[in-house]
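Below: one structure, written as structure tokens.
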Amino acid sequence: MVKIINGKEISNSLIEKLKEKVDKLKLESNVCPSLAVIMVGDNPASKIYVNNKKRICEKIGIKSYEFVLPANAPESELLKLICGLNKREDINGILVQLPLPPHINEKKIIENIAPLKDVDAFNETNVGKIMTGNFKFLPCTPAGIVYLLKESNIKIEGQHCVIIGRSNIVGKPLAMLMLHNNATVTICHSKTQGLREICKTADILIAAVGKPKFISSDMIKPGAVVVDVGINRDINGYVCGDVDFEKVKDVASYITPVPGGVGPMTIAMLMKNTITAALLQKNI
Ligand code: GUN
């Protein structure tokens, strides 16, 4: 019988723990972690994500600041804002909500966030630290996935983990993280040949493809753990993942649902990184 990994429940319990940590920090060290979220334009999906981040900050006791620039704001204005926030002692974490409008160079923006305030762990200093294992922050989605696996008592060491997707935000850092946890890792992508056969060898299959219900039951080894990172809409407009949940659940041993699987973990990990940023900056 498949076990459905309840990301909402695991995330809520982590959020409770983080709240206790923040309460203690305020009481014992007079430190209140803070997060600045920057949005350029009014992308409706980004607005929802930013509001969720603000809501969870409030729940935990993290101070949040929101900065909204118009969609046509020049890149220089965003850089000036980041430069100012880098210097402010009362700001511990800086997050620039992606995607940015096409006239802004995303890479340049990310590289201008101070590494100790880069709570997304997207800039090259933090990515390099993830490669060597000497990291302070981990990108939120990969960190959330490993947290879900560990909380569900799923063995990672020695297991063959197949990741479909090679993005800088999910696939690549996740591969490193699984490797640090002693998994044997294969990364697949749109040009991979024999994808189905490779997937069938996975003990842990992680799908970050961005295609609704792309992973079918004939791609799964019986008893495999299946983690779905996708957030898509199906042909009827309902939110669905990259995995054909209804069919794959009959073959897998564990599976994450969409919604309510990986998604809720991403915000919880952002909160964890913000608290880590505050501790590092205050030398606690
Ligand atoms: N847009 C979608 N997901 C993310 C994320 O994890 N971080 C940032 N900064 N923007 C996003």
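Only the coordinates and a few stated rules stand behind these numbers; no lab work does. Everything quoted here is computed from the prediction, not taken from an experiment. Positions of Cβ are backbone-derived with ideal geometry, glycine not excepted, and every protein chain shown enters the neighbour counts.
General remarks:
- Exposed GluC sites (Glu not before Pro) absent: longest stretch of the chain, with sites in DSSP loops and at most 14 other Cβ within 10 Å deemed exposed: 158-284
- Reported value for segment 125-209: 91 Å³ per residue, from the convex hull of its C-alpha atoms.
- Gyration tensor verdict on segment 1-125 (Cα atoms; rounded if a/c is under 1.5, prolate if a/b is larger than b/c, oblate otherwise): oblate
- Out-of-range pairs (alpha-carbon distance over 21 Å; input LYS26/LYS282; LYS155/LYS249; LYS8/LYS211; LYS24/LYS59): LYS8/LYS211
- Each of MET219, ALA121, VAL185 was placed along the dipole of the chain (beta-carbon charges, centred on the mean Cα), and the one lying farthest toward the positive end is ALA121.
- Dipole moment magnitude, nearest 20 debye, segment 150-221 about Cα centre, only Lys, Arg, Asp, Glu C-beta charged: 240
- Pairwise centroid distance, computed over Cα atoms, of segment 268-284 with segment 48-80, Å: 17
- Global geometry of segment 6-55, whether rounded, prolate or oblate, following the gyration tensor of its Cα atoms and the 1.5 cut on a/c: oblate
- Its relative contact order, with pairs defined as Cα atoms under 8 Å and 6+ residues apart, puts segment 169-276 at 21 percent.
- Charged neighbours of ASN123, selected by a Cβ distance under 15 Å, balance to +1 (K, R count +1; D, E count -1).
- Remark: ASP250, ASP120 ranked as ASP250, ASP120, counting other beta-carbon atoms within 10 Å and listing the fewest first.
- Each principal axis of the chain carries a Cα extent, and these read 53, 44, 37 Å when sorted largest first.
- Inverse of mean 1/r across different Cα pairs in segment 201-284, Kirkwood, Å: 14.1
- Its Cα centre serving as origin, the chain has a Cβ charge dipole (Lys and Arg +1, Asp and Glu -1) of approximately 260 debye.
- Fewest-first ordering of THR256, THR132 by other beta carbons within 10 Å of each residue's beta carbon gives THR132, THR256.
- Loop-resident trypsin sites (Lys or Arg not before Pro) (DSSP state other than H, G, I, E or B) in segment 148-223 with no more than 12 further Cβ atoms inside 10 Å of their Cβ: LYS191.
- Among LEU78, MET39, CYS57 - extreme Cα towards positive end, dipole of the chain, charges at beta-carbon: CYS57
- Around ILE187: net Lys/Arg minus Asp/Glu count, Cβ-Cβ under 13 Å: +3
- Most mobile of LYS21, LYS172, LYS108 in a GNM of the chain (Cα contacts under 10 Å): LYS108
- Taking other residues whose beta carbon is less than 13 angstrom from the beta carbon of ILE267, and scoring Lys, Arg as +1 and Asp, Glu as -1, yields +4.
- With coordinates expressed along the principal axes, the C-alpha atoms belonging to segment 65-122 extend over 29, 19, 16 Å, beginning with the largest.
- Value at 222 nm in deg cm²/dmol, rounded to 500, when DSSP H runs of n ≥ 4 in the chain each add -39,500 (n - 2.57): -13000 deg cm²/dmol
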